[in-house]
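Presented below is the structure to which this report refers.
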2 protein chains.
Amino acid sequence: MLTERQLLILQVIIDDFIQSAQPVGSRTISKKDNVSYSSATIRNEMADLEELGFLEKTHSSSGRVPSEKGYRFYVDHLMSPFNLSGQEKTFVKQAFNHQMVEFEQVVQQSARVLSELTNYTSIILGPEVYETKLKQLQIIPLSQISAVAILVTDTGHVEHRSFTIPVEIKPADLEKMVNILNERLNGVPIIYLHHKLNTEIAELLKKHTSEFEKAYQYLRAALFDEQPAKLYVGGKTNILMQPEFRDIDKVRTLYSMIEEETEIAHLLRHNSSDIKVSIGTENEVNAMKDLSIITGSYSIGDTQLGTIALLGPTRMEYSKVISLLNLLSDRMTETFHSWYQKGSTGE
Amino acid sequence: MLTERQLLILQVIIDDFIQSAQPVGSRTISKKDNVSYSSATIRNEMADLEELGFLEKTHSSSGRVPSEKGYRFYVDHLMSPFNLSGQEKTFVKQAFNHQMVEFEQVVQQSARVLSELTNYTSIILGPEVYETKLKQLQIIPLSQISAVAILVTDTGHVEHRSFTIPVEIKPADLEKMVNILNERLNGVPIIYLHHKLNTEIAELLKKHTSEFEKAYQYLRAALFDEQPAKLYVGGKTNILMQPEFRDIDKVRTLYSMIEEETEIAHLLRHNSSDIKVSIGTENEVNAMKDLSIITGSYSIGDTQLGTIALLGPTRMEYSKVISLLNLLSDRMTETFHSWYQKGSTGE
DNA sequence: TTTAGCACTCGCAATTAAAGAGTGCTAACA
DNA sequence: TGTTAGCACTCTTTAATTGCGAGTGCTAAA
């Protein structure tokens, strides 16, 4: 429905605005190499594009600025694929070069790369533990009254919780119980753990003395509370360099949201393996109305582990960010895969 | 060397400025209840106090503002002890009321309380693991080529590291080794671990096959790298409400420093059990030149675990912060003590 | 259909003016 | 001799005024 020329002009305007952060005027566009129309012609087209809702004016005689609809159209149809520079590619390569053995290490490194290469804020959502399987349960007594319970998943995640032990329970009993649990629960997806405990295992434990019952209460409380997925944030200060964040109040609302974690975690989590772009109010959170989020994901094999995202102003280098996100998402998945390909289920 | 009257006036000026954040003039002071001199008299005294370096002017005909020296004098000699309101006390009490069993929980809760009650940014430095003793070492194989090593200290801290296992090492061998290590290392302060490993244990292991030697290499690398103490920060956005942080650049340098962690950790760590106040340039870090840090500590028994601090503008409510820091420091120490008083060394 | 030209709009930066807060100094007072 | 009233002066802050320039919309000519 848009003419060839309108498409071109819209694209050039948005490209320019993404670079300059300044409202762009008709003359600026007419001077571009790939545009061969006079400023007056451009002006007419701009007026049309504004009427169609792709552009906006900041005031009656200013240049044009892309509207949210404009960005959406740009992302869906207009933007040209971004070729990462050799420099950028080697930067990523180097980051993944030195042998990494820790999940956190990989995630933190990725967050750093993303934020340094884009000057936006990167957010990586750690895996929901519940999607992985129990590998081993350990209880280590610290004193007569306290112990720490450690839960290891097949992906190498370690969760731990301290808890107090009622005095009437002997260490030996506790140990026995842990043995039973380990025997029965190895390989069980964390998400079913609670259920399985309450049914089969509870029965089994009841056959022993009442002390088991009590110890079990404590243990369950310690281990199976909801543990929210962890949030890794990189380049929090990058966003302060964007001209749209001259205003302290905006900074505060955004940072409060990041600090609060739950809302942003909810915003990020998504299931598709594709890259998803959410522009401004599409995020349905007031604090995000001038910001865009681009999310991707990383996995081990078939199971998607977590989300990897970049947060920036709506005036974002969408094309570059998407390329980069794809690259990092692949690299992360690759890395994790290389760890567990050989006999993840074997003992 | 200062007259009684000068002391009073200096105190009132600083008190007022801490509240108002505005340069304070002679008339403002003369109207205070506890001051019975005319503005002209105050002016003369102010001129003297300025000459002595306790006060400054922002421009030739403005009111006075405390200098760094002024704050220092205020903190050392002038400020009156702060009585926490009933509300504040119950707020703290409530935070510590519900049964807490996790170290992190206590620390995070404390950080939250501190920042909410002061509107400054709270920073708590976690313990150096090295000051505690090894309780148990666990190695849990995840696949043929990877395993996670878990290290539990007597204070209930859990450190874990994933690492790859060279193929030639059999799980049984690994287990054997862990058993030996546990036997020998239980109760050894983490700080001596490395040394002890390199001398006694290495000997012991060498008596077995060369595979032990190799496995040991891997294990050592995985476990005994420097792990910096963790930083818990609360109320990061509070500082944005202080009028001295209208300037984005200041915000950026400060946040960069907090994000970077090492410098601020170095700034905070201190050994005395007293509260310490560092005002502006006393911190010897350029980014801190308009900020003050007040630090205290928390312990278990005799061993000091970590540092608890508040970060705010030099125009800080020193008195209140000090009271609060004392309170929280006590509460934390109390809580930890209650966990481990009974038989921390017992099995 | 495109473009040149022109009147018009608006924001921005610089300039000026007025108001207000506060000082330093002087001289009078207790 | 210490204290205070009074006053001229300084400097900031705010608002109002102005001119400039970037950019538009519209008209008429190519």
Taking the stretch B:124-149 on its own, how many of its residues are open to solvent by less than 20 Å² (accessible area, probe 1.4 Å), in contact (Cβ under 8 Å) with a residue 40 or more places away in the chain and not β-branched (Val, Ile, Thr)? 6
All conditions in (1) away from DNA strand C (no atom under 16 Å from the Cβ); (2) open to solvent by 20 Å² or more (accessible area, probe 1.4 Å); (3) assigned to a loop (DSSP other than H, G, I, E, B) are true of A:HIS77 except (3)
Is there a residue in the stretch A:83-102 that is buried (at least 17 other Cβ atoms within 10 Å of the Cβ), touching a Leu at 6+ places or on another chain (Cβ under 9 Å) and either among the β-branched types (Val, Ile, Thr) or within 14 Å of chain B (Cβ to nearest Cβ) (or both)? yes
If you take the residues in the stretch A:247-258 that are open to solvent by 40 Å² or more (accessible area, probe 1.4 Å) and more than 11 Å from B:VAL251 (Cβ to Cβ), which one is farthest from the other protein chains (Cβ to nearest Cβ)? A:LYS250
Test A:GLU200 against the stated conditions and say whether it is at pLDDT 90 or above and part of a helix (DSSP H, G or I). no
Hits in the stretch B:127-140 - residues which are in contact with a helix residue (DSSP H, G or I) (Cβ under 8 Å, 6 or more places away or on another chain) and either facing chain A (nearest Cβ under 7 Å) or acidic (Asp, Glu) (or both): B:GLU131, B:GLN136, B:GLN138
Going residue by residue through the stretch A:268-284, is there one that turns out to be assigned to a strand (DSSP E or B) and either within 14 Å of chain B (Cβ to nearest Cβ) or touching a residue at least 24 places away in the same chain (Cβ under 8 Å) (or both)? yes
Picked from the stretch B:39-63 (must be in contact with a strand residue (DSSP E or B) (Cβ under 8 Å, 6 or more places away or on another chain) and open to solvent by less than 30 Å² (accessible area, probe 1.4 Å)), the residue farthest from DNA strand C (Cβ to nearest atom) is B:PHE54
Which of the numbered conditions does A:GLN6 fail, given that it passes all the others? Conditions: (1) surrounded by fewer than 17 Cβ atoms within 10 Å (Cβ to Cβ); (2) near DNA strand D (Cβ under 9 Å from one of its atoms); (3) in a helix (DSSP H, G or I); (4) of a type in the set (S, T, N, Q). (2)
Going by the structure shown, is B:SER143 more than 14 Å from DNA strand C (Cβ to nearest atom), more than 30 Å from B:LEU8 (Cβ to Cβ) and more than 25 Å from the chain's Cα centre (by Cα)? yes
In the stretch A:235-246, anything more than 9 Å from chain B (Cβ to nearest Cβ) and surrounded by 15 or more Cβ atoms within 10 Å (Cβ to Cβ) is listed as A:ASN238, A:ILE239, A:GLN242
Hits in the stretch B:15-32 - residues which are open to solvent by 90 Å² or more (accessible area, probe 1.4 Å) and over 25 Å from B:ASP76 (Cβ atoms): B:ARG27, B:LYS31
Matching residues, the stretch A:150-188, being within 11 Å of chain B (Cβ to nearest Cβ), open to solvent by less than 30 Å² (accessible area, probe 1.4 Å) and closer than 21 Å to B:THR155 by Cα: A:ILE150, A:LEU151, A:VAL152, A:VAL158, A:SER162, A:PHE163, A:ILE165
For A:GLU282, are the conditions met, namely being of a type in the set (D, E, K, R), surrounded by fewer than 23 Cβ atoms within 10 Å (Cβ to Cβ), modelled with pLDDT of 95 or more and out of contact with any Asp or Glu (no Cβ under 7 Å at 6 or more places or on another chain)? yes
So, in the stretch A:33-72, of the ones that are outside any helix (DSSP H, G or I) and within 7 Å of DNA strand D (Cβ to nearest atom), which residue ends up farthest from the other protein chains (Cβ to nearest Cβ)? A:SER61
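The values are calculated or read from the model by the stated rules, or taken from the named source; none is laboratory data. Here the structure is a predicted model, which means the values were calculated and not measured. Methodologically, a virtual Cβ is constructed for each residue, glycine included, from the backbone with ideal geometry; neighbour enumeration extends over all protein chains shown. The protein model used for the area step is the full one, side chains on, heavy atoms only, and it has no ligands, DNA or RNA in it. Shrake-Rupley method; radii C 1.70, N 1.55, O 1.52, S 1.80 Å.
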